[in-house]
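I have placed the structure first, in the form of structure tokens, so that the comments after it can refer back to it.
The values are calculated or read from the model by the stated rules, or taken from the named source; none is laboratory data. Since the structure is predicted, the reported quantities are computational estimates derived from the model, not experimental observations. Ideal geometry is used to build each Cβ from the backbone, glycine not excepted, and the neighbour counts take in all protein chains shown.
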Amino acid sequence: MTIHFELRFEDLFALQKHVIQYSFTHHVKRMYFKWITSILLAILLLLSVNITITTFLISLIIAALYFLIAPNLYNTFAFWKYKKQMETKDYTPILGSCKMELLETGISRIMNGKETFFEWDRFEKLGEDEEYYFLYESDLNALIIPKQTGNTDEISSFHQLIGQNVKQFKGEKN
């Protein structure tokens, strides 16, 4: 199965968004953010008012509500931060025409005249959103494969290759 596409900045952006949302690294960062900022908010609220039972309870309720929305705040903040960082870097060497051939032994990618071969055992898991598949080599690094409207045989062949070769589907642990 061969796929031809143009790798664009928006594709890298979609990968970064997926990484922030689903990677273990960002899960840990999200938990630290949630706990530390919630505790700091509770302390700040308690120090800013005369402590009575009522103000104590109200401060704890506000901190608890913040605790519930903090993960979404982390995602928004991290996404904004990475977007700003990505806009300042030059990604032209990795953008442009891309040809991927999905083989029984792995994926052959030709990009900007350079061929790279990825053996199937390099991939740990498959992620996806509405427009892309992300074949993860590590928690933060993945190949981007656009979901193209192909025939059902090609799509089924792709899923069969993934099911047979990606560690997540073979039952292996990272």
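Worth pointing out:
- Residues satisfying the stated conditions in the range 89-120, i.e. aromatic (Phe, Trp, Tyr) and at pLDDT 85 or above: Phe117, Phe118, Trp120
- Only residues that are within 17 Å of Ile94 (Cα to Cα) and acidic (Asp, Glu) were counted in the range 115-136, giving 1.
- Tally of residues being under 28 Å from Leu140 (Cβ atoms) and among the hydroxyl-bearing types (Ser, Thr, Tyr) across the range 26-67: 4
- Top-ranked residue of the range 19-39 - restricted to ones that are among the aliphatic types (A, V, I, L, M) and surrounded by fewer than 12 Cβ atoms within 10 Å (Cβ to Cβ), ranked as farthest from the chain's Cα centre (by Cα): Ile36
- Answer from Glu130, Glu124, Glu101 - the residue that is surrounded by 12 or more Cβ atoms within 10 Å (Cβ to Cβ) and either within 14 Å of Asp11 (Cβ to Cβ) or more than 20 Å from the chain's Cα centre (by Cα) (or both): Glu101
- Here Arg109 clears all of (1) outside any strand (DSSP E or B); (2) touching a strand residue (DSSP E or B) at 6+ places or on another chain (Cβ under 7 Å) except the condition numbered (1).
- When the range 62-88 is limited to residues that are surrounded by 12 or more Cβ atoms within 10 Å (Cβ to Cβ), hydroxyl-bearing (Ser, Thr, Tyr) and closer than 19 Å to Val19 by Cα, the one that is modelled with the lowest pLDDT turns out to be Tyr82.
- Residue among Glu87, Glu131, Glu154 that alone is on the phi < 0 side of the Ramachandran plot, of a type in the set (D, E, K, R) and free of Cβ contacts under 8 Å to residues at least 60 places away in the same chain: Glu87
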